[in-house]
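Q: The following block contains the structure, expressed as structure tokens.
The values are calculated or read from the model by the stated rules, or taken from the named source; none is laboratory data. Keep in mind it's a predicted model, so treat the numbers as computed, not measured. Because the Cβ atoms are built from the backbone with ideal geometry, glycine has one as well, and the counts that use them run over all protein chains shown. These accessible areas exclude ligands, DNA and RNA; they are computed on the full protein's heavy atoms, side chains included. Shrake-Rupley method; radii C 1.70, N 1.55, O 1.52, S 1.80 Å.
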Amino acid sequence: MSKNLTSRAEDYSKWYNELVVKADLAENSAVRGCMVIKPYGYAIWEKMQAELDRMFKETGHQNAYFPLFVPKSLFEAEEKNAEGFAKECAVVTHYRLQNDPDNPGKLRVDPEAKLEEELVVRPTSEAIIWSTYKGWIQSYRDLPILINQWANVVRWEMRTRLFLRTAEFLWQEGHTAHETRSEALAEAQLMNQVYADFAENFMAIPVIQGVKTESERFAGAEETYCIEALMQDGKALQAGTSHFLGQNFAKAFDVKFTNNEGKLDYVWATSWGVSTRLVGALIMTHSDDKGLVLPPNLAPIQVVIVPIHKTDEQLKQIGDVAKNLITEFKSKGISCKYDDRTTQRPGAKFAQYELQGVPLRIAIGPKDLENKTVELARRDTLSKENVALDGLADKIDGLLKEIQDTLFKKALDFRNSHLTKVDTFEEFKTVLNSKTGFISAHWDGSPETEDKIKELTKATIRCVPLDQEKEAGACVFTGKPSVGRVLFAKAY
């Protein structure tokens with residue numbers, strides 16, 4: 001299976017596309033620009049969902065659900081947001097089909113069934129949620145509102161790639177309402193930190209936290225916080241964003257509350273989200289030319305047991321051992337699969353689980369039964385060893401933690417070795433075209449300079465790092481004064 005994969009060095013984009021399909025994660029659908037997420041790919045997304053949902057609830061958030069359709073008048077109420085998403089919107093104009101009198105057996109849109117007002121298929125839910133919050137909020141006693149929604153959204157994309165950019169995708173979107181500016185700012189920063197903790201501790205992906213420049217900011221936000229990750233091809237990927245919306249949406253939808261001094265004021269807001277794009281980030285951070293490499297925390301199957309046998313009796317004996325092992329593994333919270341299919345040879349099974357990134361593989365044959373040992377193979381290092389059956393569950397438990405840490409360290413070392421400081425535009429272009437990765441450079445703060453650099457190099461400012469040191473310098477492009485370095489990169 002993996003032998004048919006294009007190598008990353010040969011064509012990184014082709015390698016990625018092939019891997020998503022061959023590893024059975026997703027495929028293109030009959031609907032242009034949309035994908036079918038297959039069970040194995042969805043199982044990874046479910047593990048992401050479960051952990052994020054736990055983290056959200058630990059920070060006081062509750063789940064709710066709001067409509068897929070947004071009346072156009074509501075959508076355009078916050079002008080910057082509407083303008084920012086207008087070109088990506090799918091719009092419902094009619095509510096009924098009818099038999100086509102000119103083409104028997106075919107349907108057409110009923111011309112008499114035109115909606116009085118068009119409905120936008122949500123590209124994001126601020127409009128419908130804030131129109132709802134108007135009825136929920138009257139007093140400071142009604143605040144804060146801390147709501148999260150698991151949903152799908154549609155953003156009409158012309159050039160799509162599985163998981164990374166599709167017309168419809170799955171995500172979560174948090175929408176919170178607060179009494180004060182400082183409270184809302186703290187919420188936006190907190191959720192960005194939650195995303196960073198999730199990426200690093202669960203996905204084993206090191207990220208840089210920062211704020212977006214004005215031109216890269218979410219439409220309708222006063223500040224956008226983000227986490228930026230670096231993929232193996234040296235391109236950056238925005239892995240999550242958290243927005244401080246100020247009072248923009250409260251003013252657009254007239255959401256006021258009586259404060260504890262008896263005065264009317266507009267509510268302060270945030271929104272934040274991550275999507276199935278994280279599955280793409282996971283693939284491009286850890287995987288290799290043989291297939292997926294999954295961090296144990298996210299692997300749908302953490303351990304697979306493959307029997308090596310010639311007779312039915314041997315298969316039964318190995319099955320008894322495997323059954324006991326699975327019971328021990330489950331008691332430690334380890335997910336395990338016993339693959340006793342007789343329609344596939346062991347070699348084909350090994351290739352499948354290598355391609356699908358299962359962290360640990362156990363092979364058991366007749367000699368192993370005699371010696372009370374198993375062959376244990378690691379997916380991350382491709383190493384094998386013979387280990388005793390006695391105490392195997394404890395060893396597996398320790399190895400899974402080790403693999404998780406090893407994958408993070410490997411990705412961190414790569415990121416750090418591809419973060420380069422430059423002081424001239426010539427250096428900037430050289431690093432961008434040869435070494436790639438994040439480029440730390442001075443910028444004069446003007447959108448004109450930002451746009452010109454993007455036009456000349458296709459690199460954008462990924463973020464102004466939150467831990468940016470105040471350092472006087474000269475803009476890498478104009479030579480004008482700069483107060484600190486920002487991170488540039490080509491990005492997905």
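Q: Taking the mean number of other Cβ atoms within 10 Å as a proxy for protection, how do you rank 84-95, 145-156 from highest to lowest?
A: 145-156, 84-95
Q: Quick check: convex hull over the Cα atoms of the stretch 154-313, volume per residue in Å³, rounded to an integer?
A: Spelled out: Cα convex hull of the stretch 154-313, divided by residues, is 186 Å³.
Q: If you put +1 on each Lys and Arg Cβ and -1 on each Asp and Glu Cβ, how big is the dipole of the stretch 53-179 around its Cα centre, in Debye rounded to 20?
A: Using Cβ point charges on Lys, Arg, Asp and Glu, the stretch 53-179 gives about 400 debye.
Q: Mind listing P(r) for the stretch 339-492? All alpha-carbon pairs, 5 Å bins, whole percents.
A: In whole percents, the pair-distance histogram is 2, 8, 13, 14, 11, 7, 6, 7, 7, 8, 7, 6, 3, 2, 0, 0.
Q: Could you work out the Kirkwood radius for the stretch 1-160, taking every pair of different alpha carbons, averaging 1/r and inverting it, reported in Å?
A: Kirkwood radius, the stretch 1-160: 19.9 Å.
Q: Return one number: the angle in degrees, 0 to 90 and rounded to the nearest 10, between the long axis of the Cα atoms of helix 181-201 and the longest principal axis of the Cα atoms of the chain.
A: Relative to the chain, helix 181-201 is tipped by roughly 20 degrees.
Q: Charges on Cβ only, +1 for Lys and Arg, -1 for Asp and Glu, centred on the Cα centroid of the chain; of Gln302, Asn324, Ala250, which one is farthest towards the dipole's positive end?
A: Asn324
Q: Same structure, new question: So if the hydrodynamic radius of the stretch 68-213 is defined as the Kirkwood radius over C-alpha pairs, what does Stokes-Einstein give as its diffusion coefficient at 37 °C and 0.692 mPa s, in µm² per second?
A: My calculation gives 177 µm²/s for D.
Q: Quick one: which of 126-133, 69-76 comes out on top by average Cβ neighbours within 10 Å, and what's the full order, highest first?
A: Result, highest mean Cβ count within 10 Å first: 126-133, 69-76.
Q: Using Cα atoms only, what is the angle between the long axis of helix 392-417 and the major principal axis of the chain, expressed in degrees (0 to 90) to the nearest 10?
A: Result, in degrees: 50.
Q: Can you tell me the accessible area per residue over the chain, all protein chains present, probe 1.4 angstrom, in square angstrom?
A: Value returned for the chain: 47 Å² of accessible area per residue.
Q: In debye to the nearest 20, how big a dipole does the stretch 15-80 give about its Cα centre with +1 on each Lys and Arg Cβ and -1 on each Asp and Glu Cβ?
A: 120 debye
Q: May I pose another question? Report, to the nearest whole %, how much of the accessible area of the stretch 70-149 belongs to carbon and sulfur atoms, 1.4 Å probe, protein only.
A: C and S atoms contribute 50 percent here.
Q: Would you work out which of Val486, Trp272, Trp156 lies farthest towards the positive end of the dipole of the chain? Charges go on Cβ: Lys and Arg +1, Asp and Glu -1.
A: Result: Trp156, furthest along the dipole toward the positive end.
Q: Relative to the longest principal axis of the C-alpha atoms of the chain, give the angle of the C-alpha long axis of helix 277-286, reported between 0 and 90° and rounded to the nearest 10°.
A: Once rounded, the angle reads 50 degrees.
Q: Just need the relative contact order of the stretch 1-126 here, percent rounded to a whole number, with Cα pairs under 8 Å and 6+ apart.
A: RCO, the stretch 1-126: 17 percent.
Q: For the chain, what does -39500 (n - 2.57) per DSSP helix run (n ≥ 4), summed and divided by total residues, give at 222 nm, in deg cm²/dmol to the nearest 500?
A: One gets -11000 deg cm²/dmol as the mean residue ellipticity at 222 nm.
Q: Still on this structure, please answer the following. Working from the alpha-carbon coordinates of the chain, get Rg over Rh, Rh being the Kirkwood radius.
A: 1.03
Q: Assuming R0 = 30 Å, what is the FRET efficiency of Lys454 and Arg341, from their Cβ-Cβ distance, to the nearest 0.05?
A: 0.05
Q: Please give every one of the aspartates and glutamates within straight-line cross-link reach of Lys47, meaning a C-alpha to C-alpha distance under 16 Å, and leave out same-chain neighbours fewer than 8 residues apart.
A: Asp197, Glu200
Q: If you build the Cα gyration tensor of the stretch 47-94 and take the root of 5 times each eigenvalue, what three semi-axes come out, in whole angstrom, biggest first?
A: They are 30, 13, 12 Å, listed from largest to smallest.
Q: A follow-up question, please. How would you order 180-189, 109-118 from highest to lowest mean count of nearby Cβ atoms within 10 Å?
A: Taking the mean over residues of other Cβ atoms within 10 Å, the ranking is 180-189, 109-118.
Q: Within the stretch 238-383, how many Lys pairs sit with Cα atoms under 22 Å apart, leaving out pairs fewer than 8 places apart on the same chain?
A: 24
Q: Moving on. For the stretch 411-432 and the stretch 358-386, compute the distance between their C-alpha centroids and round to whole Å.
A: The stretch 411-432 and the stretch 358-386 have Cα centres spaced 41 Å from each other.
Q: Out of every Cα-Cα pair in the stretch 367-442, what percent are more than 15 Å apart?
A: Roughly 69 percent, rounded to a whole number.
Q: Whenever you get a sec, compute what percent of the accessible area on the stretch 202-338 sits on carbon and sulfur atoms (1.4 Å probe).
A: Answer for the stretch 202-338 is 43 percent, counting heavy atoms of protein chains only.
Q: Moving on to the next point. Would you mind giving the three semi-axes, in whole Å and largest first, of the ellipsoid equivalent to the stretch 130-195 according to its Cα gyration tensor?
A: Gyration-tensor ellipsoid for the stretch 130-195: 30, 15, 9 Å.
Q: Moving on to the next point. How are the alpha carbon pair distances in the stretch 85-132 distributed across 10 Å bins from zero to the largest one, expressed in percent?
A: 23, 35, 26, 13, 3
Q: Let me ask something additional. Computed over the Cα atoms, what is the radius of gyration of the stretch 168-261 divided by 2.2 N^0.38 Å, N being its residue count?
A: 1.24
Q: Using alpha-carbon pairs under 8 Å, 6+ residues apart, how would you state the relative contact order of the chain in percent?
A: The value is 14 percent.
Q: Accessible area of the stretch 403-484 with a 1.4 Å probe: how many percent of it is carbon plus sulfur?
A: Of the solvent-accessible surface of the stretch 403-484, carbon and sulfur hold 55 percent.
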